[in-house]
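The values are calculated or read from the model by the stated rules, or taken from the named source; none is laboratory data. As the structure is a prediction and not an experimental result, all values here were calculated from the model. Glycine also receives a Cβ, built like all others from the backbone with ideal geometry; neighbour counts cover every protein chain displayed. Just so you know, the surface numbers come from the protein's heavy atoms only, side chains and all, with ligands and any DNA or RNA stripped out. Shrake-Rupley method; radii C 1.70, N 1.55, O 1.52, S 1.80 Å.
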Amino acid sequence: MAGNALKRLMAEYKQLTLNPPEGILAGPINEENFFEWEALITGPEGTCFDGGVFTAKLTFPPDYPLNPPKMQFCCEMFHPNIYADGRVCISILHAPGDDPMGYETSAERWSPVQSVEKILLSVVSMLAEPNDESGANVDAAKMWRQDREQFQKIAQRLVRKSLGLPPP
Amino acid sequence: MPALWLDRLPLPNLPAYTAISVTLLLCSVYFAVTTQDRFESDAVSRLTFAEALQRRCLLPPPVNESAHDQRTRLTDYFVLLATYPTQRALLHGFLRHKLRSDFLYWPTVATDWGEYGERAPESTASSSVFFAPTIYYRDPGAWTAALPEPSIQANLVKTLAFMIHEPLCLWTLINMAYCLLVLLGKSIQQSMFGELRVSEQTQLKDKFWNFVFYKFIFVFGVINVQHMDEVVLWCSWFSALGFLHLLTQLCRDRFEYLSLSASTPRRTHGRLLCLLSAILALSLALLVICVYVGLVASLNTFAFMAAECVLLLIRTFHTMIRYAIHLYDVAQTAQWERKGSLVYLAELMFEVTELVIDLLHHVHMLLWGNIILSMASLIICMELRHIFYQLRHRLARHSHYRRVVRYIELECVQATPADIDGDQCAICWDAMETARRLDCKHCFHATCLRRWLEQDPSCPTCRKGLDLSGQTASGQPRAQPHHRPHWQQHRGRFVSFLPSFSVEVNHTQLLRANQQEVPASQLDSMARQVQQLFPHVSLSAITEDLQQSGSMEATVENILEGSVHDHPAPPMFTSDELADDGGSWSRPDGDGGDGREEKPYRHHDRPEPALEPEPVPEPQWPEPAAPGGSRFSKSASERHTLLQRRKAAMLERARRRYLATQSDGGDSGGTVSTSSDDSGAPAASEALRPAALVGR
Ligand SMILES: [Zn+2]
Ligand SMILES: [Zn+2]
């Protein structure tokens, strides 16, 4: 029921507002609809995405803590685990029942104990260390493996773009 | 395709339609008033009318008396009837008269007629009422002579009676009725829902065409009506029913939308609940009509009508119950343990009852329609299969639910206060007073645990697999994880085998949304979002560019290329201002900087400056310069503003830090100013364009 989900989302929002983790910010896009959030994620220091602030949209199902939200980056991204349309492919966002990749154990998948904060932290670590085995973006995975320098260049361009700065 | 065409069709807007309907009505009334006198004196039509009555056994067949005798006798009888003060009942008589034939026939009339000459008219009120109008056709002279004086009321009734018998006038009357219905619907929508959301519109259209389609199948395929008046009767019945169905659907959609928000005003909920109760009352009234018709007509007709009515009743009631539960959920902080199962049982009952009634209704249609091999029966079969599948699915879910409940009851012990130790339930994040403990010592609310285990048999915290039903657990197919509410599965159920309205309608709306310019409200919010990225560009300039480009991406691209110039263009960042870090963002510096930095926020209040000139005094909130916590406000708008502010601050901080590290590293890119001064912009844009193109 949406009522339970609403309360839980409100609690998470409160938590995230009062004790925000470093470099992460999230909240409803519009108070009219508590089931669509916007999240800002700072690229982790010392990685290709260092310094960028990336915007993503989280869409929660009506039975929220039982099923995971969907996450999609709103800005351009080039990353082995992010689809071209911005959808994020990490195991924590996969519903407990389905296993699209076929190799995850259920322990890695969604459970109601997870939260928005944990999702965003996982995404941060995903930005730092791409998992090139699950190729959501095959080109990016290939480039990450073979041509790290080119990857870094693209990432830097994206960082500048995410900050609203013109490319150098 | 048909929907695409349908959507493009230049449908007349409501005022035009109303005007046309009223004009048509006036024309037909004029026609009726001018023609009926001539009609009355038309002997031929009188004769055919009497013959028609005889053929329908409403008049006794001519026995062995001469035509003249019979006529005088009849006339006498009619004159006798006409002395009745039946002005008011006259209308009823006509309406009843329209109800003749197989659909609703009047046994009383047929039997009473036997001794028509002998029987005193006082005792046969129904037949007198029934035949009173006929005299008006048979012998207008007798009619007018019998009546004391034709009052205005009588004239009205006469005109109306004429109009009902004249097909052309009848259609204008029906058209007028529909026009009124549409107007009523529109006014309810305006007062209750305001502007409809796109999804609601689509859903409504979908439902509407679904309904029209199935009722068409029903009227012409299943009961196979022959007479025009029956068609009219069924149509009006289904119009009323469909109208209520659509309203219920709308209430449901709106409720689901409202339930996504934590800050809906109480009044909105109240209004919606009022509307729902009104629908409930009206559907009860319809049910009474069903019973009445069932008493006078056949049982079949009653069953057909009542099934639809009861379905409407259940749906409305279900929505109301859901609504009440939701309101209770939101208002109440603590959960009591029994509530979850009660709510579940209520849901189950509603859904199963609805499905069973629907199933029976369709079986009835299939069996009663004496056209087993036809398109209609095929469609009903498909529908039947769908309902049956749903019902089976629902019952399977229920047996799974019972397994889970049994498991929790038997295998999970009640947690002791020591187990709970002030912890929150990890599923709902609420405090626990009573809880159930799994083998792995993790505790949860019983309801929360039940809802999770229904979907995945494992401990949410440590993911230890649980054996729900002892022996069979391993081989058991897991229940589908995505249980959507029943009515969501309903939408577009024949989409797979019929030209889908919903999908295509959606498609055209998307098409249109792309072609047309962005609506003003959306434009404003888009402009604000862009401005958060580029605080140095004025909102008006961004709005202007957005109007042309129509998309945020394009405008961002334009700004980056330097082709967006705002006229005042105050230089926002000089490179030394950018160089110093963090702290200077927090506004109350007092120097010239703060006037400019406030700018993005002031624009938030722009749409309603008169209503809330400055909803929150600026110095009240410390700017989150450091990534520490912020305040969590109780008011939704304040929360929202705070979040926007923190977002902008975060972005700005990152931007500065980035530029600082770039210049520290001696990178050439560090000196790039954000091309805000007008003189530099064209040159910069020249230089940047190729890079931007490569980047795409
Ligand atoms: Zn709980
Ligand atoms: Zn556990």
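A few remarks follow.
- Leading residue by the ranking (farthest from A:PHE60 (Cα to Cα)) among those in region A:13-23 that are more than 7 Å from chain B (Cβ to nearest Cβ) and crowded, with 20+ Cβ neighbours inside 10 Å: A:LEU16
- A:CYS74 meets each of the listed conditions (1) open to solvent by less than 30 Å² (accessible area, probe 1.4 Å); (2) more than 9 Å from every other protein chain (Cβ to nearest Cβ) apart from (1).
- Note on region B:375-413: residues that are closer than 17 Å to B:CYS440 by Cα and surrounded by fewer than 16 Cβ atoms within 10 Å (Cβ to Cβ) amount to 4.
- Qualifying residue in region B:443-456 (condition: buried (at least 17 other Cβ atoms within 10 Å of the Cβ), farther than 21 Å from B:VAL343 by Cβ and within 12 Å of ligand 1 (Cβ to nearest atom)): yes
- Residue in region B:414-427 that is within 15 Å of ligand 1 (Cβ to nearest atom), open to solvent by less than 80 Å² (accessible area, probe 1.4 Å), modelled with pLDDT under 85 and aliphatic (A, V, I, L, M) present: yes
- For region B:190-228, a residue qualifies if it is open to solvent by less than 30 Å² (accessible area, probe 1.4 Å) and touching a residue at least 60 places away in the same chain (Cβ under 8 Å), and the qualifying residues are B:PHE193, B:THR202, B:GLN203, B:ASP206, B:ASN210, B:ILE217, B:PHE218, B:GLY221, B:VAL222, B:ILE223, B:VAL225.
- Count - residues of region A:26-64 that are within 11 Å of chain B (Cβ to nearest Cβ) and touching a Cys at 6+ places or on another chain (Cβ under 7 Å): 2
- Among residues that are without any contact (Cβ under 8 Å) to a residue 40 or more places away in the chain, not assigned by TED's automatic domain parsing to the domain that holds B:LYS634 and not polar (S, T, N, Q), B:VAL288 is included.
- Identity of the residue in region B:265-295, among the aliphatic types (A, V, I, L, M) and closer than 16 Å to B:TRP234 by Cβ, that ends up modelled with the lowest pLDDT: B:VAL293
- Residues that are out of contact with any Pro (no Cβ under 8 Å at 6 or more places or on another chain) and open to solvent by less than 30 Å² (accessible area, probe 1.4 Å), drawn from region A:135-166: A:PHE151, A:ALA155, A:LEU158, A:VAL159, A:SER162, A:LEU163, A:GLY164, A:LEU165, A:PRO166
- Enumeration of residues in region A:119-168 that are more than 14 Å from A:VAL88 (Cβ to Cβ), of a type in the set (Val, Ile, Thr) and within 14 Å of chain B (Cβ to nearest Cβ): A:ILE154, A:VAL159
- Hey, B:ALA435 within 16 Å of ligand 2 (Cβ to nearest atom), open to solvent by less than 50 Å² (accessible area, probe 1.4 Å), outside the structural domain of B:TYR214 (by TED's automatic domain parsing) and more than 36 Å from the chain's Cα centre (by Cα) or not: yes
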